[in-house]
Amino acid sequence: MRASGYDAWRRLLFRFDPETAHRLATAALRAAQAVGPARAALERRFAVGDPRLEQRLLGAVFPNPVGLAAGFDKDGVAIRGMAALGFGAIEVGTVTPRPQAGNPRPRIFRLEGEESLRNAMGFNNAGVEALARRLARGGARRPGPRPPLGINVGRNRATPAERAHEDYLETIARLDGLCDYFVVNVSSPNTPGLRDLQTASAIERLIGGGRERTSRPILVKLSPDLEDGEAAELARAAVDAGASGVVLTNTTTDYGLVPGVEPVGGLSGRVLRERSFRMLSAVAPHVAGRAVLVSVGGIDSGAEAYRRIRAGASLVQVYTAVVYRGPGLAASINRELLGLLERDGLGAIGEAVGADLRLSGAVR
């Protein structure tokens with residue numbers, strides 16, 4: 001069910017191309033976050049404050065398990081506005097050391113029948129210096145406690161493959177102290193050669209080097225197009241190297257999921273749901289209890305979020321569903337989660353994490 005009142009706004013926004021509609025929505029959030037009463041009004045409407053949803057993870061308190069995935073706010077311009085919508089964490093980026101324009105427009109496309117998107121953005125962002133300045137002067141702050149902030153880091157398109165690790169480490173070092181955790185993105189399909197970094201040796205090098213440059217937790221984000229065994233092996237290698245968590249998954253290049261779609265960019269949203277869940281199920285038994293698992297891909301309801309949580313995810317993230325379901329999505333999911341906890345006789349969301357894994361005896 002979509003958030004009440006959003007259908008009319010969605011019809012209006014969908015008259016514009018997806019990138020223009022996104023810019024309009026971001027501009028509205030930026031305006032709201034700059035005005036205290038407007039921000040407070042959003043919080044009253046959308047924030048779901050209930051201690052049963054809280055978890056202490058990655059050295060921070062997550063007020064609820066529903067986070068905003070990277071890609072929505074690449075440059076960290078609307079952090080307070082998104083927080084006012086009730087998200088339990090905000091992940092900005094992907095950020096690269098140097099500014100880059102990304103791929104030519106049009107580069108994001110709606111697949112309305114599937115409630116999905118095809119994204120070929122290409123890490124368009126203003127660069128690490130712009131993000132560092134914004135965060136340092138308080139761009140992530142708001143009155144009272146804010147949800148944890150993650151920064152998703154990547155490689156510039158022009159950086160030679162043999163120097164790719166330098167981009168990640170430079171960005172982490174520059175942003176150290178300005179966030180709660182980092183996510184190393186080695187799985188976007190829109191930067192040529194980026195997915196070549198999905199090897200045990202490359203991930204170990206990135207995590208090891210990153211840990212030398214920050215005391216903040218570092219997570220790694222993997223592709224849904226890996227084989228299950230390969231994903232489990234890479235997740236183990238990352239955790240063994242010191243990663244605090246694994247984000248599953250990025251967008252997919254399995255264009256067969258939408259017959260006739262142009263084979264460019266990555267697919268997200270409902271078409272990715274089962275593949276993302278399958279990868280979580282494949283990885284969780286190997287790293288559960290050792291690292292935080294974050295599930296993303298096709299989550300658009302409390303029931304789906306709860307399925308991921310019971311399968312081993314401590315946190316979930318949404319993006320595409322916000323486009324189709326509206327700004328009340330996080331609140332809707334969190335309210336539904338509270339009902340599911342009550343149904344199952346659980347006192348807190350942490351008790352549900354990995355419940356199905358434990359029942360099946362699959363934890364290794």
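When the Cα positions of 58, 86, 46 are compared along the charge dipole of the range 1-87, 46 comes out farthest toward the positive end, with charges on each C-beta of Lys, Arg, Asp and Glu. Entry comment: accessible area of the chain is 39 Å² per residue, from protein heavy atoms only and a probe of 1.4 Å.
With all pairs of separate Cα atoms included, the range 1-72 yields a Kirkwood hydrodynamic radius of 14.8 Å. Binning all Cα-Cα separations of the range 164-222 at 5 Å, short to long from zero, yields these whole-percent fractions: 4, 20, 33, 24, 14, 5, 0. Taking square-rooted eigenvalues a ≥ b ≥ c of the alpha carbon gyration tensor, is the range 238-277 rounded, prolate or oblate, where a/c under 1.5 means rounded and, failing that, a/b exceeding b/c means prolate? Prolate, because a/c is 1.5 or more and a/b exceeds b/c. Taking the inverse of the mean reciprocal distance over all distinct Cα pairs, the Kirkwood hydrodynamic radius of the chain comes to 20.2 Å.
Taking amide H positions as modeled 1.01 Å from N, with prolines and chain starts lacking one, the residues under 5 Å from residue 292 and 5 or more places away or on another chain are 245, 246. Phi angles across the range 92-103 convert, under the Karplus curve 6.51 cos²θ - 1.76 cosθ + 1.60 with θ = phi - 60°, into 3J(HN,Hα) values of 9, x, 6, 10, 10, x, 10, x, 8, 7, x, 7 Hz, Gly and Pro given as x. Rounded to the nearest 20 debye, the dipole magnitude of the range 58-152 is 420 debye, with +1 charges on Lys and Arg beta carbons, -1 on Asp and Glu beta carbons, and the Cα centre as origin. This model, with +1 at the C-beta of Lys and Arg and -1 at the C-beta of Asp and Glu, gives the chain a dipole about its Cα centre of some 1160 debye. Only Cα pairs under 8 Å and 6+ residues apart enter the sum, and on that basis the relative contact order of the chain stands at 18 percent. Farthest toward the positive end of the dipole of the chain, out of 286, 77, 175, is the Cα of 77, where the dipole comes from beta carbon charges about the Cα centre. Given +1 at the Cβ of Lys and Arg, -1 at the Cβ of Asp and Glu and no other charges, the dipole of the range 180-220 around its Cα centre is 60 debye to the nearest 20. First compute the accessible area of the chain with a 1.4 Å probe, then give the percent of it belonging to carbon and sulfur atoms. So the carbon and sulfur contribution to the accessible surface is 52 percent.
Think of the chain as a dipole: +1 on every Lys or Arg Cβ, -1 on every Asp or Glu Cβ, centred on the Cα centre; then among 111, 191, 327, 327 lies furthest on the positive end. For the range 166-229, the relative contact order works out to 46 percent when only alpha carbon pairs closer than 8 Å and six or more residues apart are counted.
Summing Lys and Arg as +1 and Asp and Glu as -1 over all other residues whose Cβ lies under 13 Å from the Cβ of residue 211 gives a net charge of -1.
The values are calculated or read from the model by the stated rules, or taken from the named source; none is laboratory data. Being a predicted model, the structure only gives us computed values, none of them experimental. Glycine gets a Cβ as well: all are built from the backbone with ideal geometry, and neighbour counts include every protein chain shown. Remember, those area values only see protein heavy atoms, side chains included, never the ligands or the DNA or RNA. Shrake-Rupley method; radii C 1.70, N 1.55, O 1.52, S 1.80 Å.
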